[in-house]
Amino acid sequence: MDVSLLVAQSMSGLSRGMMLFLIASGLSLIFGVMNILNFAHASLWLVGAYFCYSFWHLMQNHGFGMWVSIPLAALVLAAIGWVIEVVLIRRVYERELPEQLLLTYAMVLILGDLIKLTWGVEDKIIVRPPLVDGPVFFYGIPFDSYFIFVISIGFFVAIGLWWFLKKTKYGHIVRAAVFSREMVSALGIPIPRIYTGVFVLGIFIAGLAGAVQAPVGSITLGMDMAIVVQAFCVVVIGGFGSLLGTLVGSIIVGEVYAFSILFWPQGALVLIFIVTAVILIVRPWGLFGTPMRV
Amino acid sequence: MEILTKRYWWLGLVFIGALVLPLVVGEFWVHVAIEILILGLFAVSFNMIFGNMGQLSFGHAAYYGVGAYATGLLMVRASVPLPICLAASMVAAGICALILGYFCVRLTGIYFAILTLAFGQLLYYIIFQWYSFTRGDDGLQGIIPPGALFSATYYYYFTLFIVTGALIAMWYVNESPFGYTMRAIRENADRTRFIGINVRRYMLINFVVAGMFAGLAGGLWGPFNRSIAPDLCNWHQSGIPVFMTVIGGPLGFFGPMIGSIIYTFLMAFVTGFTEYWPLTIGLVIMFVVLFLPGGVLGLVEQKMKVFRSRDLETRGDRSAETGSS
Amino acid sequence: MSGEVILNVENLNKAFGGLQATDNVSYEMMTGELSAIIGPNGAGKSTFFNLITGYHAVDSGKVFFKDRDITNWPPHKITRLGIARAFQVSNIYPRLTTYENVRQATLAQQRRTLNFFTPANRLAKKETMQLLEITGLSQQANMISGNLSQGDKKRLELAIALGSKPELVFLDEPTAGMSGEETHETMELVKRLNREIGLTILFTEHDMSVVFGYARRLTVLHQGAVIAEGTPEEVRDNEEAQRVYLGEEA
């Protein structure tokens, strides 16, 4: 086994893990605080990717097209997230689990077709600016330079979220709400406002993740379906509501995927699901989740 | 039996209607009817876990798929007669449910839902990847119903016969002490432990029985569709009985079947003139979840209650109401 | 009253976080006893019941039922052995009718709950109606149990517990929320069950007239530990027991 191959695979796994982290962090946050499992999270991620494409397409003639499209798409998704929370999600907080799951599942179906209606069925490709379109060499091993970008974004989002949760007052409130909703509302802090904020934040990150994903390969319909189950696995393994857990979970899933490509290519997803199932059986709240939630 | 005749007199009409169906509609609708029956059976088996036990399984399609593949493989590879295949499907699905259910019943609520989802996906990927055995993504083709069942009409009557039998069996289970115990577990698992019931074991038994009937439904699907694919196990397929049950109403025995009629009929109708079926059903589900929480059955019961109480008022018959202070 | 030990609890300990809910409690019951455990709120009476009936795991100590070690057994096994309990906060099936509530216990006791094919409506009619009658609930048989009055819910608690045909039953505040008349009826029933079928009963109560009127033996708990034990008169004269209660009662 060639060292450079191992390094290349672990970088690939890291990059994949970071991508998963971007998607899963929002999912984990939303579930941790609001107890809503957002099946539509990956669908919104895909919408983010498509919006990024559209913005880029408009600005194609300018070199900075991609760089501007990414944050723009994320902001659009934040707005969409706000609308969804106010119009739909808000109505099911008090409801039973099946109804909540069905609502977000219905969103998956609706968004899937809306994407098809808006952007059509052909694959979309974004041409990357030369800065991130070409290999970067690390000890003679070529890496896609875009990987570096993805890993950095993931890193910044992780730091950003950490800083937000640990160092800001709002973040403290959110963390307290994960632990005990009753306490927070007993302290006079309006829970609905927190929920909206958290949901919007979660979707913003999902949109950002989608936009960051957009220039990788091509954007195709159905990408969300492939990724949503992996995102779920990440959150289960890492633990709902835990930032560190999501990070660790993403890297685990990313690396498992990257390495199983080497010796059991078809088994990648099987392996991931076995790990997920084992965690659910042995420690349902994940590696870093809060046990009381079970 | 009196319950059956008093409350469900309309069932007799439905059954007669079902018997004469092929004589009045074209083959297309007979196909739709077969699909309604198979998916309805699948949904009613799902409701044994959902409505009766109070847990949401988002991976029930795993047993449906296992049943489909059991029948499909036996028919295509070994030319085993269909009735035996169906029995084998039930056994295979039951064994799967026993193994997977053993772990699932240790959890409740959302963790139960996620674990069932994960197991469903696991089975999906296994079937997908095990090309040598299952033909993976290509699916299994050439599952031809034997002899006379080749015709849609006869297969319809065959399916009607089997599904009716299965429904009657599940009805009896529902009304039996076991069924009441499952509902007791749903209502108050704690209390049920304290009257001497090993709740976890009962949940597992219920899970296995539900899985077996899902396997039967899957077994019926293969010959109907002439081919099967791994998707029969994935979470989209698992979502179908959930929709049907929620649309029809989870608390009545026939809710899921009513849901199947509505869903399948709607699908046959809508896909006739648009490809945007997911959008349509997504909107329907959203509507039902937000505005019709008890499903169709819930709506009917509400209307019946209003109707009945108005009826009693006009008769001035207060003693019919149970005595509350 | 026969001379056999039916329940033997040795050095039971249980802590929740920093709080010692049960502090080295030892307790013995003879078959046919009608005894009570009292103590101010938070003394650990319910925890004591929970530890014996398998609701919580013990930290240390042992529980013996008729010389069998049942420490940390799961609740359903303990019930099968012959111990039942009625909860402090009524733990019933609120959406089922009163009849169905009791029948569930009866069917379980008759080991009929794995019956898949006989309609339940045909089974256990006599036994269920009997239980409803002796607990005074026959009128409310078809009522949704969630709609029962507080006192009736406690009676239903008792009926469900009796449905398991126990030899030993724990009653956690059996007359809470009842009127004077209902209290009298319920406690007379308890006394009758003890006398006529030899049911061993341990109850807790806050109503001292009930305690002194019916219990033949009294144990006082305070902060998880036993501080006094004996006949009601002996306990009444016990200084420490008085001290513990003077803070409670006006």
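Worth a mention:
- For a paramagnetic label modelled on residue B:271 (point 7 Å from Cα along Cα→Cβ), amide N atoms under 14 Å away are absent within the stretch A:96-132.
- 10 Å Cβ neighbours from other chains, averaged over peptide A:166-176: 0
- Counting only other chain Cβ atoms within 10 Å of each residue's Cβ, the peptide C:132-138 averages 0.
- Relative to the longest principal axis of the Cα atoms of chain B, helix B:152-175 runs at roughly 50 degrees.
- Listed from fewest to most Cβ neighbours within 10 Å, the set B:205, C:134 follows the order C:134, B:205.
- Total formal charge among the other residues, if their Cβ is under 12 angstrom from that of residue B:156, Lys/Arg +1 and Asp/Glu -1: -2
- Using 0.36 nm per residue and subtracting the Cα-Cα separation, the extra length available between residue A:283 and residue A:167 on full extension is 38.8 nm.
- For the protein assembly as shown, the mean residue ellipticity at 222 nm estimated from helices alone is -20500 deg cm²/dmol, where every DSSP H run of n ≥ 4 contributes -39500 (n - 2.57) and the total is divided by all residues, rounded to the nearest 500.
- Kirkwood-based shape ratio for the protein assembly as shown, expressed as Rg/Rh from alpha carbons: 1.02
- Extension gain, residue A:225 back to residue A:179 (0.36 nm per residue minus Cα-Cα distance, nm): 13.5 nm
- Simple label model, 7 Å out from Cα along Cβ direction - residue C:59 to residue A:159, nm: 4.6
- Cross-link reach list, aspartates and glutamates versus residue C:125, counting only Cα pairs under 20 Å and skipping chain neighbours closer than eight places: B:2, B:175, C:100, C:133, C:157
- Each Lys or Arg adds one and each Asp or Glu subtracts one; over the other residues with Cβ under 14 Å from the Cβ of residue A:9, this totals -2.
- Sequence of A:69, C:179 once ranked by neighbouring C-beta atoms within 10 Å, starting from the fewest: C:179, A:69
- Per DSSP, loop trypsin sites (Lys or Arg not before Pro) in the stretch A:65-128 with at most 15 further Cβ within 10 Å: A:95
- Three-way shape call for chain C based on the alpha-carbon gyration tensor, with the a/c threshold at 1.5: prolate
- Computed from the C-beta positions of residue C:20 and residue B:201, the FRET efficiency with R₀ = 41 Å rounds to 0.75.
- Neighbour-limited loop hits for GluC sites (Glu not before Pro), the stretch A:62-96 (at most 16 other Cβ within 10 Å; DSSP other than H, G, I, E, B): A:94, A:96
- Tail weight of P(r) past 24 Å, computed on alpha-carbon pairs of the stretch B:45-193, percent: 43
- Along chain C, longest interval not containing exposed GluC sites (Glu not before Pro), exposed being DSSP loop plus at most 12 other Cβ atoms within 10 Å: C:5-247
- Within the shell of other residues whose beta carbon sits under 14 angstrom from the beta carbon of residue A:263, the net charge comes to -2, with Lys and Arg scored +1 and Asp and Glu -1.
- Antiparallel bridge percentage (DSSP; both residues within the protein assembly as shown; nearest 5): 60
- Partner lysines for residue B:303 [C-alpha distance under 29 Å; skip if fewer than 8 residues away on the same chain]: B:6
- Under 20 Å from residue A:116, Cα to Cα: lysines that are on another chain or at least 8 residues apart: A:124
- Label-point separation in nm, residue C:133 to residue B:231, each point 7 Å along Cα→Cβ: 6.3
- Our coupling estimate for the stretch B:283-292, obtained by passing each phi through the Karplus curve with A = 6.51, B = -1.76, C = 1.60 and θ = phi - 60°, is 5, 4, 4, 4, 4, 5, 5, 7, 10, 10 Hz, Gly and Pro reported as x.
- Span-rule helices in chain A, defined as complete DSSP H runs reaching 30 Å or more along the axis (Cα) with Kyte mean at least -0.5: A:3-34, A:65-87, A:97-119, A:145-167, A:191-213, A:243-263
- Over 19 Å between alpha carbons, listed pairs C:66/C:165; C:154/C:191; C:77/C:165; C:45/C:77: C:45/C:77
- q = 0.11 Å⁻¹: log10 I(q)/I(0) that the Debye formula gives for chain B, counting C-alpha atoms only: -0.72
- Rounded FRET efficiency, nearest 0.05, which uses the C-beta distance separating residue B:307 from residue B:251 and R0 of 22 Å: 0.70
- Within the stretch C:203-227, backbone nitrogen closer than 20 Å to the virtual label 7 Å beyond the Cα of residue C:233 toward Cβ: C:208-220
- Label zone of residue A:274 (point 7 Å out along Cα→Cβ, amide N under 15 Å): in the stretch A:238-256 this covers A:256.
- Between helix B:61-78 and chain B: long-axis angle, C-alpha atoms, 0 to 90°, nearest 10: 40
- Under a 5 Å amide H cut-off, with hydrogens placed 1.01 Å from N, residue A:288 pairs with A:239 among residues at least 5 apart or on other chains.
- Extension gain for the segment residue A:125 to residue A:93, taken as residue separation times 0.36 nm less the Cα-Cα distance, is 7.7 nm to one decimal.
- Site pair residue B:102 and residue C:89 shows an inter-label distance of 3.7 nm when each label is modelled 7 Å from Cα along Cα→Cβ.
Rule-based calculations on the coordinates, nothing more; no lab input. Being a predicted model, the structure only gives us computed values, none of them experimental. Please note: Cβ atoms are built from the backbone with ideal geometry, for glycine as well, and neighbour counts cover all protein chains shown.
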